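The values are calculated or read from the model by the stated rules, or taken from the named source; none is laboratory data. Predicted model only: the values in this text are computed from it and were never measured. Here Cβ is always computed from backbone atoms with ideal geometry, including for glycine, and neighbour counts include all displayed protein chains. Protein only, heavy atoms only, side chains kept; ligands, DNA and RNA dropped before computing areas. Shrake-Rupley method; radii C 1.70, N 1.55, O 1.52, S 1.80 Å.
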Amino acid sequence: MRLPLLGFVLALASCGSFPTPNDPRVHLSPYFAKYRLRGDVAMQNNPGTGPENNASQSIDSLGQGHHGDDVGLRADIGDGFSGIRIEYYRLDLGPSGSGTLSDELGALQTGDVAAAEPRMDEWRLGWSQSVLDGQVAWRGNPVRVQGAAGATWANRDMELDIRTTDGLRSQNVDLGGDAFYGTALVRATMRQVSLDVSYSLCPWLQSGDWDGLAHDFETRLSYAVPFQDVTLFAGYRWSTFQGEGTRGGLRHEADFVLDGFQLGVTVTF
């Protein structure tokens with residue numbers, strides 16, 4: 001469903017039936033991500049007498065909570081600030097250590113020494129419309145201030161693989177679904193330097209295993225190379241998401257925080 005949806009949005013933009021800036025351009029931004037995943041996960045077990053609830057386990061104590069190396073790709077269609085945004089990010093974090101479970105977790109038992117390895121594919125599709133474009137002065141220098149509002153759709157498919165260090169037992173916790181956010185963006189530009197701040201909030205519009213309140217905050221500091229269609233940037237992202245589901249008749253729930261830094265380049269066509 002993702003590719004047809006992206007194709008539909010691109011077709012709307014090209015035919016002019018979707019609100020986009022005049023003379024839109026394509027801004028392609030590959031980036032290196034130094035993110036970490038923190039949070040808690042819990043899953044019922046069945047000792048033969050029916051499902052039993054268990055206490056949450058911190059994935060930080062199971063080898064997570066450290067920053068890993070991943071990559072992402074963003075494409076903006078518009079004026080570089082407002083318009084249509086498509087982004088893909090791949091999370092694949094190996095454990096930095098292991099820990100001892102304080103309660104049962106699916107097929108895993110109390111006292112097992114285990115490590116957690118999360119993997120996630122995340123797609124984000126957003127649209128924003130300019131609502132502010134003005135100028136202020138700072139220390140005698142003109143500063144352009146822009147604001148935009150819009151919406152963001154996010155699809156996340158996550159697999160949390162938890163295995164004992166002796167290889168005897170393992171448990172997968174799978175979470176997947178969509179979330180729909182309201183999004184606000186602000187940019188301040190002085191000469192070749194710009195600061196972008198984006199905040200998205202999803203109070204309830206979620207499907208699949210995801211539910212609850214979700215936040216997504218991102219900021220980028222960029223430098224536009226003079227006389228080139230190239231911009232260098234460094235950024236920070238903080239995102240929260242939580243969910244619950246059932247696998248094999250056993251209920252599981254999770255509460256995650258994804259945060260870290262990014263470094264990349266934007267090429268404009």
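List of remarks:
- Computed over the chain, relative contact order equals 18 percent, with contacts defined as Cα pairs under 8 Å that lie 6+ residues apart.
- Annotation: per residue accessible area for the chain equals 48 Å², rounded to a whole number [probe 1.4 Å, protein chains only].
- Semi-axes of the equivalent ellipsoid for the stretch 196-269, Cα gyration tensor, largest first, Å: 36, 12, 11
- Global form of the stretch 32-190, assessed from the alpha-carbon gyration tensor, a/c cut-off 1.5: prolate
- Across the accessible surface of the chain, with the other protein chains kept in place and a 1.4 Å probe, carbon and sulfur atoms take up 58 percent.
- Rounded to the nearest 10 degrees, the inclination of helix 2-15 to the longest alpha-carbon principal axis of the chain is 10 degrees.
- Note on the stretch 92-182: Rg/Rh from Cα positions, Kirkwood definition for Rh, rounded to two decimals, is 1.32.
- Cα-centre dipole for the chain with unit charges at Cβ (Lys and Arg positive, Asp and Glu negative), debye to 20: 1120
- Listed values for the stretch 88-99 are Karplus-derived 3J(HN,Hα) couplings in whole Hz (6.51 cos²θ - 1.76 cosθ + 1.60, θ = phi - 60°), namely 10, 9, 10, 9, 8, 10, x, x, 9, x, 9, x, and x replaces Gly and Pro.
- Efficiency of FRET between residue 96 and residue 144 - r from beta-carbon atoms, R0 51 angstrom, step 0.05: 0.75
- In the stretch 147-240, the inverse of the mean reciprocal separation of distinct Cα atoms equals 16.1 Å; this is its Kirkwood hydrodynamic radius.
- Once the mean of 1/r is taken over each pair of separate Cα atoms and inverted, the chain shows a Kirkwood hydrodynamic radius of 20.3 Å.
- Here r is the Cβ-Cβ distance between residue 247 and residue 132 and R0 is 45 Å; the resulting FRET efficiency, rounded to 0.05, is 0.45.
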